[in-house]
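Colleague: Below are the structure tokens for one structure; questions will follow.
Since every read-out is calculated from the coordinates, none of them should be taken as a lab result. Not measured: the values here are computed from a predicted model. Positions of Cβ are generated from backbone atoms using ideal geometry, with glycine treated the same way; all protein chains shown enter the neighbour counts.
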Amino acid sequence: MCTPAQHGSGRSLTDAGRRLWASWAVLGSKRFYFGGDSGYASHFEMIGHALGPFDLAALPIGSFTPRSIARPVHMSPEEALQASRDLRAAAFIGIHWGTFKLAREPYDEPPRRIAAEVERLEDRPDTVWLPKPGETLDW
């Protein structure tokens, strides 16, 4: 099911606003949410209330700096954890990090910040998955 996301559209100077962006909810024996590329906004809570809870939410945690530019289109790691809570997800997997140098943060900063936020919030670390690029996980 196609669900809302918050991101800019277009890939050149002449096609802005001509394409939409989206996230996805897969509703079956397991419920999976794929956040794609999105800034943090109220749509996560709306999706969580309408379609949640989810067994797993895949949310972007990278390319979030500088915040003055990235905030509308890319979440910080901490915002991604909040989005996971808004979606009522039992488990969280961090995506969209560590493969391309698209922002100013070091490659290893997103998972370090997620781990620190999980500790600060006293969340269960076994529900937060941060695979290295190319790593395979069983679900």
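Colleague: Relative contact order for the chain: what percent, with Cα pairs under 8 Å and sequence separation of 6 or more?
Modeller: 20
Colleague: Give the dimensionless ratio obtained when the Cα radius of gyration of the range 69-116 is divided by 2.2 N^0.38 Å.
Modeller: Taking the Cα Rg and dividing by 2.2 N^0.38 Å, one obtains 1.16.
Colleague: LEU27 versus LYS132, label points 7 Å from Cα toward the beta carbon: distance in nm?
Modeller: Result: 3.9 nm between the two label points.
Colleague: Dipole magnitude of the chain about its Cα centre, charges +1 at Lys/Arg Cβ and -1 at Asp/Glu Cβ only, in debye to the nearest 20?
Modeller: Its charge dipole is roughly 460 debye.
Colleague: Something else now. Go through ALA22, ALA41, PHE54 and say which Cα lies farthest out towards the positive end of the charge dipole of the chain; charges sit on Cβ, +1 for Lys and Arg, -1 for Asp and Glu.
Modeller: Projecting each Cα onto the dipole axis, the largest value belongs to ALA22.
Colleague: Sticking with this structure for a sec: Given the -39500 (n - 2.57) contribution per DSSP H run of 4+ residues, what per-residue ellipticity at 222 nm results for the chain, rounded to the nearest 500 deg cm²/dmol?
Modeller: On the way: 4 runs with 36 residues, N = 139.
Helices in the chain give a 222 nm mean residue ellipticity of -7500 deg cm²/dmol.
Colleague: Give me, ordered by chain and number, the residues 5 or more places off VAL128 or on other chains with an amide H under 5 Å from its own placed amide H.
Modeller: The answer is PHE92.
Colleague: Quick one: what are the phi-derived ³J(HN,Hα) couplings along the range 89-102, Karplus 6.51/-1.76/1.60 with θ = phi - 60°, whole Hz, x for glycine and proline?
Modeller: With coefficients 6.51, -1.76 and 1.60, one gets 8, 6, 9, 10, 10, x, 10, 6, 7, x, 10, 10, 7, 9 Hz.
Colleague: Once you charge only the Cβ atoms, +1 for Lys and Arg and -1 for Asp and Glu, what is the size of the charge dipole of the range 32-99 about its Cα centre, to the nearest 20 debye?
Modeller: 100
Colleague: Could you put TRP129, TRP97 in order, starting from the residue whose Cβ has the fewest other Cβ atoms within 10 Å? Provide the component values of the computation, followed by the final result.
Modeller: Values: TRP129 17, TRP97 24.
Going from least to most buried by this count: TRP129, TRP97.
Colleague: Still on this model: Enumerate the calculated ³J(HN,Hα) couplings along the range 122-133 in order (Karplus 6.51 cos²θ - 1.76 cosθ + 1.60, θ = phi - 60°), each rounded to whole Hz, writing x wherever the residue is Gly or Pro.
Modeller: Computed from phi, the couplings for the range 122-133 are 6, 6, 7, x, 6, 9, 10, 10, 10, x, 6, x Hz.
Colleague: Quick check on the chain: take the gyration tensor over C-alpha atoms, sort the square-rooted eigenvalues as a ≥ b ≥ c, and tell me if it's rounded (a/c under 1.5), prolate or oblate.
Modeller: Cα axes put the chain in the oblate bin.
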